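Peer 1: Attaching a single structure in structure tokens format; questions to follow.
The values are calculated or read from the model by the stated rules, or taken from the named source; none is laboratory data. These numbers were taken from a predicted model, which means no experiment stands behind them. Glycine also receives a Cβ, built like all others from the backbone with ideal geometry; neighbour counts cover every protein chain displayed.
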């Protein structure tokens, strides 16, 4: 070998600033240095694998391409080695002596001027890569030899300060060996269990074997990068069990590969169990972001919207830099395109299940309906797709049967222009609502909203298939039946009772009207046009005790026996105490049914008086004492 003396080089100015920050600042996630070194080693092995495929008669094809990690506690040394392509002297200077990342210098200047420099987590800001090792090492030695024929071996050394040295040395075979002489307070990275945990966390899908002190680390194939044609259902289920550390089968999965607009692979799962439904804490995001099979971010909040936090799995793209900043995730065009594409495909997948595998989708709906409804409220871009996933019971379903909005629209009655809904605590309560009577008579279907979130959802959707949503209790629905023939005097008497009731109720109601929509009930309370439902207002009242309920419209049914008797009593004696008692009780009955009665003591006293009057012995025909 030609003797080459050791030469000293100054680090590029950006590197000096970076190393200064790395060495003298505190970081929460020092363990990523090993992720970076393993990633670099895997990249070198990938390049070597390519050379084997393209260069004929290349030596060393029979060698196992691998990453080797060794611990030397006696000398406080950690070694990471690969038998990949290695580096020439020029490549050492280019790859280790400079930072070829745009914006790095500007970022460092801003960081230097910031008072918070010591609190900033640099890892992930930009391609710090190899330099992150100086967080744990007081000195680093790199011995490398290029795969190229007659390649020489070189030793790179630095303490991470202002300079580094390079000299020619002897080395058997191609590849790169990195020796970290650890700082005294970083001895945790000499413990094999700690190193193994880091590898399994960040690098368990690296496509090359990793040996730790001679032991081969268990790794799994990156199923998401394999062709769908080569995978069976069992492969997908087994990977889910491994990934989630569970024995439970997934409910469904979606395997995606795309080259445009961004190259990526993803494998997403919907589990069978909802921990939120079980009453446990809110779930953390379940989709991990990878770059070249290396974990970038566990449970990434950027690759899936919040409402899809129940989805588990992996998104992997070579176009995302391994050291992408957490702060720049939201501004990364590639991630934005991946998110839009993946969410669109996932929602389409769920819709396909709804239409073709109803039983499976019903189980997903049972577990994650609140998440889907949350998406209908918050995800404006995908609101139309999410609306296809919503399920409801209705006036034409029974038991646990549910319909979607497409089914509802497809069986709307002739002449029906709106989608009607009615809210309540449960199906039984809604079915007793007098507002349903006219819809039953006209054979119009009404959606039953038993979840308080449902009304928020429909309010945000506004319409479906160009048909507006309309509350069945709205006062302005043009569904009134034509009045039956009646003498003018009778109608006048009913109108007189309406005038009387308005005077009795005062500002308790917005208005009193004669109803054309009631069939069997004496009266009902209706919401003002476009006003919130009473169920919604009760929620607002719970949130804000000072919230004032809207004044409602009372409609009376002149054909009901009770109303006829009140009309007759009013005609005979408008000042009769019993008439006022009945009038007040009529309104309180409606308030009681809707759960908005405030003065219960007055209502109870009135009911008792009515009972007492009803129990009084009848007078004798002669008019004497009974």
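Peer 1: Somewhere in region 210-224, is a residue within 26 Å of residue 46 (Cα to Cα) and in a helix (DSSP H, G or I)? Break it down into steps so the answer makes sense when it comes.
Peer 2: Residues of region 210-224 within 26 Å of residue 46 (Cα to Cα): 210-224.
Checking the rest, the ones that are also in a helix (DSSP H, G or I) come to 223-224.
Checked region 210-224: at least one residue is within 26 Å of residue 46 (Cα to Cα) and in a helix (DSSP H, G or I).
Peer 1: Take the conditions surrounded by fewer than 19 Cβ atoms within 10 Å (Cβ to Cβ), within 20 Å of residue 368 (Cβ to Cβ) and at pLDDT 95 or above and apply them to residue 237. Does it pass?
Peer 2: Working: surrounded by fewer than 19 Cβ atoms within 10 Å (Cβ to Cβ): yes; within 20 Å of residue 368 (Cβ to Cβ): yes; at pLDDT 95 or above: yes.
It is true that residue 237 is surrounded by fewer than 19 Cβ atoms within 10 Å (Cβ to Cβ), within 20 Å of residue 368 (Cβ to Cβ) and at pLDDT 95 or above.
Peer 1: Next up: Among (1) touching a helix residue (DSSP H, G or I) at 6+ places or on another chain (Cβ under 6 Å); (2) modelled with pLDDT of 95 or more, which single condition is residue 303 missing?
Peer 2: (2)
Peer 1: If we keep just the residues of region 407-423 that are closer than 30 Å to residue 341 by Cα and touching a strand residue (DSSP E or B) at 6+ places or on another chain (Cβ under 8 Å), which is surrounded by the fewest Cβ atoms within 10 Å (Cβ to Cβ)? Write out each step before concluding.
Peer 2: Pass one, region 407-423, residues closer than 30 Å to residue 341 by Cα: 407-410.
Okay, now just the ones that are also touching a strand residue (DSSP E or B) at 6+ places or on another chain (Cβ under 8 Å), so 408-409.
Values: 408: 21, 409: 14.
If we take residues in region 407-423 being closer than 30 Å to residue 341 by Cα and touching a strand residue (DSSP E or B) at 6+ places or on another chain (Cβ under 8 Å), then 409 is surrounded by the fewest Cβ atoms within 10 Å (Cβ to Cβ).
Peer 1: From 493, 520, 507, 530, grab the single residue that is in contact with a helix residue (DSSP H, G or I) (Cβ under 7 Å, 6 or more places away or on another chain) and exposed (fewer than 15 other Cβ atoms within 10 Å of the Cβ).
Peer 2: Values: 493 fails: exposed (fewer than 15 other Cβ atoms within 10 Å of the Cβ); 507 fails: in contact with a helix residue (DSSP H, G or I) (Cβ under 7 Å, 6 or more places away or on another chain); 530 fails: in contact with a helix residue (DSSP H, G or I) (Cβ under 7 Å, 6 or more places away or on another chain).
Just one listed residue meets the conditions, 520.
Peer 1: Looking at residue 595, is it at pLDDT below 90 and assigned by TED's automatic domain parsing to the domain that holds residue 513?
Peer 2: The answer is yes for residue 595.
Peer 1: Scan 505, 444, 500 and give me the residue that is under 20 Å from residue 529 (Cβ atoms) and in contact (Cβ under 8 Å) with a residue 60 or more places away in the chain.
Peer 2: Details: 444 fails: in contact (Cβ under 8 Å) with a residue 60 or more places away in the chain; 500 fails: under 20 Å from residue 529 (Cβ atoms).
That would be 505, the only listed residue that is under 20 Å from residue 529 (Cβ atoms) and in contact (Cβ under 8 Å) with a residue 60 or more places away in the chain.
Peer 1: Would you check which residues across region 370-393 are out of contact with any helix residue (DSSP H, G or I) (no Cβ under 7 Å at 6 or more places or on another chain) and touching a residue at least 24 places away in the same chain (Cβ under 8 Å) and list them?
Peer 2: The initial filter retains those residues of region 370-393 that are out of contact with any helix residue (DSSP H, G or I) (no Cβ under 7 Å at 6 or more places or on another chain), namely 380-381, 384, 392.
Across region 370-393, the qualifying residues are 381, 392.
Peer 1: Same structure, new question: Quick one: residue 452 ticks every box in (1) closer than 30 Å to residue 564 by Cβ; (2) in contact with a strand residue (DSSP E or B) (Cβ under 9 Å, 6 or more places away or on another chain); (3) at pLDDT below 90 except a single one, so which number is it?
Peer 2: (1) is the only condition that residue 452 fails.
Peer 1: A further question follows. If we only count helices (runs of 4 or more DSSP H) wholly inside region 296-413, which ones have 3 or more residues that are outside the structural domain of residue 428 (by TED's automatic domain parsing)? Please lay out each step first, then the result.
Peer 2: Details: elements: 333-356, 358-378, 383-387, 405-410.
Correct list: 333-356, 358-378, 383-387.
Peer 1: Let me ask something else. Run residue 164 past the list (1) in contact with a strand residue (DSSP E or B) (Cβ under 7 Å, 6 or more places away or on another chain); (2) assigned to a helix (DSSP H, G or I) and report the number of the one that doesn't hold.
Peer 2: Evaluating residue 164 over (1) in contact with a strand residue (DSSP E or B) (Cβ under 7 Å, 6 or more places away or on another chain); (2) assigned to a helix (DSSP H, G or I) leaves (2) as the failure.
Peer 1: Then there's this: Give me the residue from region 166-203 that is loosely packed, with under 14 Cβ neighbours inside 10 Å, over 20 Å from residue 38 (Cα atoms) and touching a residue at least 40 places away in the same chain (Cβ under 8 Å) and, out of that set, nearest to the chain's Cα centre (by Cα).
Peer 2: 184
Peer 1: Can you name the condition, by its number, that residue 548 falls short on among (1) touching a helix residue (DSSP H, G or I) at 6+ places or on another chain (Cβ under 6 Å); (2) assigned to a loop (DSSP other than H, G, I, E, B); (3) closer than 14 Å to residue 508 by Cβ?
Peer 2: Of everything listed in (1) touching a helix residue (DSSP H, G or I) at 6+ places or on another chain (Cβ under 6 Å); (2) assigned to a loop (DSSP other than H, G, I, E, B); (3) closer than 14 Å to residue 508 by Cβ, residue 548 misses just condition (1).
Peer 1: Please work out which one of (1) surrounded by 22 or more Cβ atoms within 10 Å (Cβ to Cβ); (2) within 23 Å of residue 208 (Cα to Cα); (3) modelled with pLDDT under 90 is the condition residue 108 fails and give its number.
Peer 2: Residue 108 satisfies all of (1) surrounded by 22 or more Cβ atoms within 10 Å (Cβ to Cβ); (2) within 23 Å of residue 208 (Cα to Cα); (3) modelled with pLDDT under 90 except (2).
Peer 1: Further, regarding this structure: Can you find a residue in region 465-480 that is at pLDDT 85 or above, over 19 Å from residue 432 (Cα atoms) and assigned to a loop (DSSP other than H, G, I, E, B)?
Peer 2: Yes.
Peer 1: Could you grab me the full set of residues in region 226-248 that are closer than 15 Å to residue 204 by Cα and outside any helix (DSSP H, G or I)?
Peer 2: Across region 226-248, the qualifying residue is only 245.
Peer 1: Also, I was wondering about something else. Return yes or no: is residue 548 surrounded by fewer than 12 Cβ atoms within 10 Å (Cβ to Cβ) and not assigned by TED's automatic domain parsing to the domain that holds residue 426? Walk me through it before giving the result.
Peer 2: On the way: surrounded by fewer than 12 Cβ atoms within 10 Å (Cβ to Cβ): yes; not assigned by TED's automatic domain parsing to the domain that holds residue 426: yes.
When the stated conditions are applied, residue 548 passes them.
Peer 1: With the requirement that a residue be in a helix (DSSP H, G or I) and more than 28 Å from the chain's Cα centre (by Cα), what does region 436-464 give you?
Peer 2: In the first step, residues of region 436-464 are kept if they are in a helix (DSSP H, G or I); the result is 436-442, 452-461.
Once the filter is applied, which keeps residues that are in a helix (DSSP H, G or I) and more than 28 Å from the chain's Cα centre (by Cα), region 436-464 yields 436, 437, 438, 439, 440, 441, 442.
Peer 1: With the structure loaded, tell me whether residue 531 is without any contact (Cβ under 8 Å) to a residue 60 or more places away in the chain and at positive phi or whether it fails that test.
Peer 2: Working: without any contact (Cβ under 8 Å) to a residue 60 or more places away in the chain: yes; at positive phi: no.
In short, no.
Peer 1: Here's something else I'd like to know. What is the one condition in (1) modelled with pLDDT of 90 or more; (2) surrounded by fewer than 16 Cβ atoms within 10 Å (Cβ to Cβ) that residue 275 does not satisfy?
Peer 2: Unmet condition: (1).
One line per residue, one yes/no per condition, for (1) loosely packed, with under 14 Cβ neighbours inside 10 Å; (2) under 18 Å from residue 272 (Cβ atoms); (3) at pLDDT 95 or above:
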site: 352; (1), (2), (3): yes, no, yes
site: 364; (1), (2), (3): no, yes, yes
site: 373; (1), (2), (3): no, no, yes
site: 376; (1), (2), (3): no, no, yes
site: 379; (1), (2), (3): no, no, yes
site: 386; (1), (2), (3): no, no, yes
site: 392; (1), (2), (3): no, no, yes
